[in-house]
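The values are calculated or read from the model by the stated rules, or taken from the named source; none is laboratory data. Owing to the predicted nature of the structure, the values given are computational and were not obtained by experimental measurement. Positions of Cβ are backbone-derived with ideal geometry, glycine not excepted, and every protein chain shown enters the neighbour counts. Just so you know, the surface numbers come from the protein's heavy atoms only, side chains and all, with ligands and any DNA or RNA stripped out. Shrake-Rupley method; radii C 1.70, N 1.55, O 1.52, S 1.80 Å.
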Amino acid sequence: MHDDGARWLPKFLADSGYRHATYTHQWTEVLIWRDTERWLGRGSDRDSALEDALTQMFPSAAARQLFDRFRDGLAQEPARPQPAPVSAPVSAEVIPPPPPTPTPTPTPAPAPEPELPRSPIVGRIQLPTYPAAAVAEARETLEEILKDIQDMRPDFALMSPRYQKVYMLAWISRARSFDEQFQGEHKITVLVRRIAHELTNLSKTLWPGSVQALQMNAVPACVVAELGLKTLHAPKTWAEAHEFVQNHRERAMTSEVPVDDYGWADRPRKAPPGPPRTLLREAQRAVEAIAGNVTDPPPRHLTTPPEELPNDQLDALVKHAQALRDIRRFIAAEEPETWGAVMGRLRWLAGRLGERLPQLRRWLDPDFIPPPERAKTGPSADQVRQQQAAVRAERDALAGVDGFDDETLLAFLGRAFDAHNTPEVASLIQPIRPRIDALRPDLFEDRRMRRRLTGLQDVLKRGELGVLPTDSDHDTEEENDDVDDPGAHLVAQVRPKVEGKRVLFVSNREDPDLKSKLEESLGLDITWCDGNARKVQAQCESISRHSYDYVLIATGFQAHNIDGILARAARASTIPYVRVFKGRPLAVARALARTLGVASAA
């Protein structure tokens with residue numbers, strides 16, 4: 001590769017400090033560089049290779065248009081002054097002086113025109129300026145998108161991967177439309193990058209699959225394939241892409257089987273096969289033992305290669321996936337983001353395992369309907385309480401005996417493992433710990449029990465003791481076993497703080513049943529608004545008169561422009577503005593708990 005010295009590089013790039021070189025063999029390569037930048041183009045000749053490099057340097061249509069305007073320089077070089085012509089020789093004849101001319105009357109100089117604001121200049125490209133009010137409004141809208149993402153995190157974590165991707169596409173396409181509209185406005189670009197960064201972090205934790213629109217070189221047309229749709233008129237701008245997502249989101253979220261608000265085909269069930277929080281913790285520990293902390297991005301490499309994971313560990317992952325499906329509705333009021341992170345890491349693991357574990361893929365598929373008979377498996381809460389009470393009594397009896405054989409101890413441990421998780425067993429056996437420390441795992445004939453004893457001894461060495469459940473804990477769990485209201489405990493915490501408060505609830509349709517449920521469960525005085533533009537404008541005036549204590553909006557049904565109008569009105573009147581997903585009682589209670597700082601809010 002050599003610099004041929006030819007002036008084929010566009011003047012604009014040469015003036016900006018870029019250098020160039022070519023390589024020709026059976027094809028041509030063009031290298032353009034400056035400092036640490038490198039742009040390599042290939043083609044059949046120099047012109048096509050240069051065009052390839054320029055396409056990489058200026059990927060968007062807007063950037064290329066600006067470059068084409070200035071590729072030959074911003075202006076023509078100023079004309080050099082021509083030398084004055086040589087005057088003819090002057091004769092010696094004396095020329096009389098001209099007659100004096102009258103002195104003209106001086107006229108006042110015109111007032112200078114006001115200097116117009118200069119546009120910012122990037123390199124040698126002069127970018128347009130924008131009205132300050134328009135920039136401020138765009139920044140405000142982008143800040144609202146960031147807040148919407150934060151407010152939606154608990155509900156977002158509970159969604160199926162398909163629903164998560166649709167919401168991500170709506171957020172990022174709307175954000176990029178402002179970056180496209182206000183090209184070169186640094187503060188707008190920074191906010192858009194923050195939104196893309198936030199969504200990228202979410203995707204790494206929840207793992208809904210690849211979202212191309214989050215990549216820096218994404219083009220608007222990519223949202224069509226991301227939604228799983230086809231069209232003859234692909235979006236050419238991000239504003240068109242956002243409109244496409246909004247117009248087709250319902251079709252993209254449609255499933256072949258009936259699904260709930262979050263996109264899962266789970267059947268209602270009376271109670272999970274154990275305490276929801278305990279089942280979640282067990283699943284989290286099992287997954288993190290293989291694939292690292294679920295709240296961090298997935299590791300680059302697994303400690304144990306997927307093909308070397310033992311079958312019993314893989315079978316345990318399937319059982320944990322089943323349990324996570326069982327507890328989703330019950331954990332939604334407590335730790336939805338942890339549940340979503342564990343499910344996301346399981347999806348990531350399923351991809352690494354390939355076809356080795358099809359059962360795991362099946363239970364992670366939101367369209368898979370769990371078989372009805374699973375509702376009858378597992379002990380009830382009352383049975384668990386009885387088992388734990390019997391194990392405690394047996395532990396006390398062993399602690400009061402001077403000596404007992406290993407066979408008795410092994411039988412006790414088997415019943416303890418059936419009633420408690422490993423950290424709880426570690427707390428339970430403290431009075432007889434020396435005997436447990438001396439116990440050899442190979443005494444168990446059952447391989448699963450040998451593994452559990454080894455795990456117990458490791459937990460004891462690390463001092464990671466669990467908290468044993470009490471009778472009051474079981475009573476609370478029994479009170480919360482009602483399938484129709486798994487978040488009753490959270491509702492009970494929120495109601496005293498909001499009872500009797502005047503609330504404006506904005507949805508896209510009238511829903512008397514939902515209004516009645518919210519008023520009955522939380523004691524709210526609700527004024528309903530169906531999202532009609534004229535009605536929303538009237539309600540904004542009511543908000544300005546402080547007619548409400550809270551403004552709630554069901555963002556799962558509402559257009560973004562309505563959301564923005566109401567958010568600005570509520571903020572101007574310092575009235576709490578709360579996004580409540582689709583407005584179901586549990587989602588409303590969780591959102592209000594987060595706004596009020598109630599400790600149980602996820």
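Of all the listed residues (L524, L490), the sole one being modelled with pLDDT of 90 or more, open to solvent by less than 50 Å² (accessible area, probe 1.4 Å) and within 32 Å of the chain's Cα centre (by Cα) is L524.
Scanning the stretch 46-68 for residues that are open to solvent by less than 30 Å² (accessible area, probe 1.4 Å) and among the aromatic types (F, W, Y) gives a single hit, F67. If I ask for residues that are over 25 Å from R194 (Cα atoms) and either at pLDDT 55 or above or within 31 Å of the chain's Cα centre (by Cα) (or both), which ones from the stretch 115-143 would you list? Listed by number, the list holds a single entry, Q126. Just the residues that are closer than 14 Å to A49 by Cα, touching a helix residue (DSSP H, G or I) at 6+ places or on another chain (Cβ under 9 Å) and exposed (fewer than 14 other Cβ atoms within 10 Å of the Cβ), please, taken from the stretch 10-37. Hit for the stretch 10-37 is W27, nothing else. Looking across R579, R594, R568, one residue alone is surrounded by fewer than 20 Cβ atoms within 10 Å (Cβ to Cβ), closer than 20 Å to W171 by Cα, touching a residue at least 40 places away in the same chain (Cβ under 8 Å) and not hydroxyl-bearing (S, T, Y). It is R568.
In this entry, T231 passes the filter for residues that are open to solvent by 40 Å² or more (accessible area, probe 1.4 Å), more than 23 Å from the chain's Cα centre (by Cα) and on the phi < 0 side of the Ramachandran plot.
Filtering the stretch 401-410 for residues that are closer than 22 Å to A316 by Cβ and among the hydrophobic types (A, V, I, L, M, F, W, C) leaves a non-empty set. Name the single residue, out of those in the stretch 563-595 being of a type in the set (S, T, N, Q) and assigned to a loop (DSSP other than H, G, I, E, B), that is nearest to A157 (Cα to Cα). Filtering first and then ranking leaves T574. Per this entry, A170 is counted among residues that are open to solvent by less than 20 Å² (accessible area, probe 1.4 Å) and either modelled with pLDDT under 95 or in a helix (DSSP H, G or I) (or both). Out of the stretch 331-359, which residues are among the aromatic types (F, W, Y) and either over 17 Å from D266 (Cβ atoms) or surrounded by fewer than 23 Cβ atoms within 10 Å (Cβ to Cβ) (or both)? Selection gives W348 alone.
Scanning the stretch 361-372 turns up no residue that is open to solvent by less than 50 Å² (accessible area, probe 1.4 Å), under 22 Å from the mean Cα position of the chain (by Cα) and farther than 21 Å from M253 by Cα.
Comparison of V598, V536 shows that the only residue that is outside any helix (DSSP H, G or I), modelled with pLDDT under 95 and β-branched (V, I, T) is V598. Tell me yes or no: at least one residue of the stretch 379-390 is modelled with pLDDT under 80, surrounded by 15 or more Cβ atoms within 10 Å (Cβ to Cβ), assigned to a helix (DSSP H, G or I) and not β-branched (V, I, T). Checking the stretch 379-390: at least one residue is modelled with pLDDT under 80, surrounded by 15 or more Cβ atoms within 10 Å (Cβ to Cβ), assigned to a helix (DSSP H, G or I) and not β-branched (V, I, T). Could you tell me whether A234 is closer than 25 Å to L317 by Cα, touching a residue at least 12 places away in the same chain (Cβ under 8 Å) and of a type in the set (A, V, I, L, M)? No; evaluated as a whole, the condition is false for this residue. Please determine whether any residue of the stretch 471-480 is touching a helix residue (DSSP H, G or I) at 6+ places or on another chain (Cβ under 7 Å), modelled with pLDDT under 75 and part of a loop (DSSP other than H, G, I, E, B). There is at least one residue in the stretch 471-480 that is touching a helix residue (DSSP H, G or I) at 6+ places or on another chain (Cβ under 7 Å), modelled with pLDDT under 75 and part of a loop (DSSP other than H, G, I, E, B). Considering every residue within the stretch 210-221, establish whether at least one is within 20 Å of the chain's Cα centre (by Cα), open to solvent by 30 Å² or more (accessible area, probe 1.4 Å) and hydrophobic (A, V, I, L, M, F, W, C). There is at least one residue in the stretch 210-221 that is within 20 Å of the chain's Cα centre (by Cα), open to solvent by 30 Å² or more (accessible area, probe 1.4 Å) and hydrophobic (A, V, I, L, M, F, W, C). Of the residues making up the stretch 496-521, those that are outside any loop (DSSP other than H, G, I, E, B) and either free of Cβ contacts under 8 Å to residues at least 60 places away in the same chain or open to solvent by 50 Å² or more (accessible area, probe 1.4 Å) (or both) number 12. Tell me the residue from W339, W264 that is touching a residue at least 60 places away in the same chain (Cβ under 8 Å) and in a helix (DSSP H, G or I), please. Exactly one of W339, W264 is touching a residue at least 60 places away in the same chain (Cβ under 8 Å) and in a helix (DSSP H, G or I), namely W339.
For the stretch 525-546, the criterion of being among the small types (G, A, S), free of Cβ contacts under 8 Å to residues at least 40 places away in the same chain and closer than 20 Å to E143 by Cβ is satisfied by no residue at all. Would the stretch 396-413 turn up any residue that is under 48 Å from the mean Cα position of the chain (by Cα) and of a type outside the set (A, V, I, L, M, F, W, C)? Looking through the stretch 396-413, none of the residues is under 48 Å from the mean Cα position of the chain (by Cα) and of a type outside the set (A, V, I, L, M, F, W, C).
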